[in-house]
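The values are calculated or read from the model by the stated rules, or taken from the named source; none is laboratory data. What you see is a predicted model; the values in this text were computed from it and never measured. Using ideal geometry, Cβ is built from the backbone for each residue, glycine included, and neighbour counts are taken over all protein chains shown.
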Amino acid sequence: MSQVPQLTLNNGITLPQLGFGVFQVPPEDTQRIVEEALEAGYRHIDTAAAYRNEAGVGAAIAASGLPREDLFITTKLRNGEQGNAPEAFQSSRKALGLDYVDLYLIHWPVPSQGLYTDAWKALEKVYGSNEVRAIGVSNFLEDHLDVLLAGAGVVPAVNQIELHPTFQQAGVAEKCRSLGIAVEAYSPLGQGADLNAGAVTALARERDATPAQIILAWHLAAGTIVIPKSSSPARMRENLAAASISLGAADVQSIDALESGNRVGGDPATAEHSQL
């Protein structure tokens, strides 16, 4: 098993920098797939209320027999529940079957609702309990962070954003890091679109690695938390092995140069879906 690096958040807690995401994993398959991920060696699992598979994640954790303190579990607040975040958090915690959640995120800002600052204040109160170890945001752009921080008592520990070689969101990532907010990448492979980039395939041949391993190693080299997903146990293990690949400065720069503004997900400036 590759040794996954640990990253320390701004409140002092640590998490495995390479985790496992369950976005679009069907609820009926989630327990099996997460059990396989845990067996492969993942100890950081990322889910969300909107994925409707929290219960499957919880069942896999219970079935694994792993000590709770060895696991790092993230879930997220649905957009349509920003007005009742404490209740939504409790629903997620109970669906997971956990006494506490390691990280709870506001899933999207949905600026048209005008509720994300109120939701953050509610999360701060939840953070004051012993039921969540860290709170953060997802899909927050620079202006959303400015508005949030203007009235915040707690700086988010994490901002989970779409980030991959052809869509790096350098401005958002730089702002987060300057504020002590860890950057977490979802769609880290560009939903597969970045795997055939010349710089990636060249490094994969040179390192006798898969293109996915090269991209994940690039994320790790930048200090980014990364949560690839796969339904294949073999691919799960391959992705986890990216932790053993070390890229040099020139290698990193060759992948940095792939930036092309290729967003594959929604735009946080305008996204309005309720997720209910």
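A few comments on the model shown:
Here is a yes/no grid of residues against (1) closer than 27 Å to A37 by Cα; (2) at pLDDT 95 or above; (3) surrounded by 19 or more Cβ atoms within 10 Å (Cβ to Cβ); (4) of a type outside the set (A, V, I, L, M):
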residue	(1), (2), (3), (4)
G151	no, yes, no, yes
L163	yes, yes, yes, no
Q168	yes, yes, yes, yes
E174	no, yes, no, yes
A182	yes, yes, yes, no
D208	yes, yes, no, yes
Q213	yes, yes, yes, yes
S231	yes, yes, no, yes
A241	yes, yes, yes, no
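- Residue, farthest from H164 (Cα to Cα), within segment 222-253, restricted to residues that are part of a helix (DSSP H, G or I) and touching a Gly at 6+ places or on another chain (Cβ under 9 Å): R237
- The one condition in (1) hydrophobic (A, V, I, L, M, F, W, C); (2) more than 30 Å from G65 (Cβ to Cβ); (3) not in a strand (DSSP E or B) that A88 fails to fulfil: (2)
- Here G136 meets each of (1) under 27 Å from V4 (Cα atoms); (2) in a loop (DSSP other than H, G, I, E, B) with one exception, condition (2).
- Residue satisfying condition, being small (G, A, S) and either within 29 Å of L115 (Cα to Cα) or in contact with a strand residue (DSSP E or B) (Cβ under 7 Å, 6 or more places away or on another chain) (or both), within set S91, S64: S91
- Selected residue [touching a helix residue (DSSP H, G or I) at 6+ places or on another chain (Cβ under 8 Å), under 22 Å from K94 (Cβ atoms) and aliphatic (A, V, I, L, M)] from A40, A62, A49: A49
- Condition check for A204: on the phi < 0 side of the Ramachandran plot, of a type in the set (G, A, S) and either part of a helix (DSSP H, G or I) or in contact with a Phe, Trp or Tyr (Cβ under 8 Å, 6 or more places away or on another chain) (or both): yes
- Some residue of segment 180-196 being touching a strand residue (DSSP E or B) at 6+ places or on another chain (Cβ under 9 Å), farther than 19 Å from G19 by Cβ, aliphatic (A, V, I, L, M) and part of a loop (DSSP other than H, G, I, E, B): yes
- Scanning segment 62-80 for residues that are surrounded by 22 or more Cβ atoms within 10 Å (Cβ to Cβ) and assigned to a helix (DSSP H, G or I) turns up just one, N79.
- Qualifying residue in segment 246-264 (condition: within 13 Å of L18 (Cα to Cα) and surrounded by 14 or more Cβ atoms within 10 Å (Cβ to Cβ)): no
- Here the condition is being modelled with pLDDT of 95 or more, hydrophobic (A, V, I, L, M, F, W, C), farther than 25 Å from G265 by Cα and surrounded by 18 or more Cβ atoms within 10 Å (Cβ to Cβ); of A37, A122, it holds for A122 alone.
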